[in-house]
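Student: Can you read through this structure? Questions will come right after.
The values are calculated or read from the model by the stated rules, or taken from the named source; none is laboratory data. Here the structure is a predicted model, which is why all the values come from computation and not from measurement. Glycine gets a Cβ as well: all are built from the backbone with ideal geometry, and neighbour counts include every protein chain shown. Each accessible area value is taken on the protein alone, full model and side chains, heavy atoms only, with ligands, DNA and RNA left out. Shrake-Rupley method; radii C 1.70, N 1.55, O 1.52, S 1.80 Å.
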Amino acid sequence: MERWLALELASTIRHDGDGGVADDLATAQGATHWIRAQRDLLAGHVPAIPVGELAADENLRLGIVELRQAVRALFARVVSPAPPSPADAHRLMPADQAMAHLNTAAAREPVAPQLDWPAEGAPAARLLSMENDPYVRLLAALARAAIDFLSGPERAQLRSCTAPRCVRYFVKSHGRQEWCKPSCGNRARAARHYSRQRAAADGGSVPS
């Protein structure tokens, strides 16, 4: 199943399975765990970052949280006029502020293209980072990933899951997909069934 770093970042706010919302970035330890879990996705965003050596401090955690706020605000803009995720619909960052935040974070890491041409083989380009601070490099990589996602073809398939209690965004993978995962579909169908039974019992109109 394909994964996107920007979507993984947005999904650090999730349903906790008990009627509430969990935040995977609530602590520096949680942020460290999340960073290391994204090792494979971060490897695709050159220049490479020593993810295994990173341990988040409070400043880095807050930096990632601010990027998440920007990403989720722009995700809400993408899915509009459909409703955004209910987790933060009432406190979204303004879209122009969110864009400025992403662009500023991405620009903090200066990179330069380098030509790599082995004696046997074709020439290839790679990026060389001019930044030594791994925290800055990580935040820039997350911002670039969000920019790539929001300017790429996946944006058109971004949806907010409408299942009860779900707060996730997801990329629609087929034409009839309505929810982020099968369990959400089951919960949504059960809620509809209950609503029909309730309406019938009350003698009102039965919702479709």
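Student: Looking only at segment 1-45, which residues are open to solvent by less than 50 Å² (accessible area, probe 1.4 Å) and small (Gly, Ala, Ser)?
Tutor: Answer for segment 1-45, where residues must be open to solvent by less than 50 Å² (accessible area, probe 1.4 Å) and small (Gly, Ala, Ser): Ala6, Ala10, Ser11, Gly20, Ala22, Ala28, Gly30, Ala31.
Student: For Ile64, all conditions in the list (1) open to solvent by less than 10 Å² (accessible area, probe 1.4 Å); (2) at pLDDT below 95 hold save one; what is the number of the exception?
Tutor: Of the numbered conditions (1) open to solvent by less than 10 Å² (accessible area, probe 1.4 Å); (2) at pLDDT below 95, the odd one out for Ile64 is (2).
Student: Evaluate the following for Ala48: is it open to solvent by less than 20 Å² (accessible area, probe 1.4 Å), under 14 Å from Tyr135 (Cα atoms), assigned to a loop (DSSP other than H, G, I, E, B) and not β-branched (Val, Ile, Thr)?
Tutor: Details: open to solvent by less than 20 Å² (accessible area, probe 1.4 Å): no; under 14 Å from Tyr135 (Cα atoms): yes; assigned to a loop (DSSP other than H, G, I, E, B): yes; not β-branched (Val, Ile, Thr): yes.
So Ala48 fails the test.
Student: Are any of the residues in segment 91-107 closer than 19 Å to Phe170 by Cα and open to solvent by 20 Å² or more (accessible area, probe 1.4 Å)?
Tutor: At the first step, the residues of segment 91-107 found to be closer than 19 Å to Phe170 by Cα are 92.
Imposing the further condition that a residue be open to solvent by 20 Å² or more (accessible area, probe 1.4 Å) reduces the set to 92.
Yes, some residue in segment 91-107 is closer than 19 Å to Phe170 by Cα and open to solvent by 20 Å² or more (accessible area, probe 1.4 Å).
Student: Moving to a separate point now. Can you name the residue in segment 9-27 that is part of a loop (DSSP other than H, G, I, E, B), in contact (Cβ under 8 Å) with a residue 40 or more places away in the chain and touching a helix residue (DSSP H, G or I) at 6+ places or on another chain (Cβ under 9 Å) and, of all such residues, is farthest from Arg168 (Cα to Cα)?
Tutor: Going through the qualifying residues, I end up with Leu25.
Student: Could you list, in sequence order, the residues of segment 57-86 that are among the aliphatic types (A, V, I, L, M), touching a residue at least 60 places away in the same chain (Cβ under 8 Å) and under 18 Å from Ala31 (Cβ atoms)?
Tutor: Within segment 57-86, Leu60, Ile64, Leu67, Ala70, Val71 qualify.
Student: So, one more: Among (1) closer than 15 Å to Pro134 by Cα; (2) open to solvent by less than 20 Å² (accessible area, probe 1.4 Å), there is one condition Glu53 misses while meeting the rest; what is its number?
Tutor: The single condition Glu53 does not satisfy is (2).
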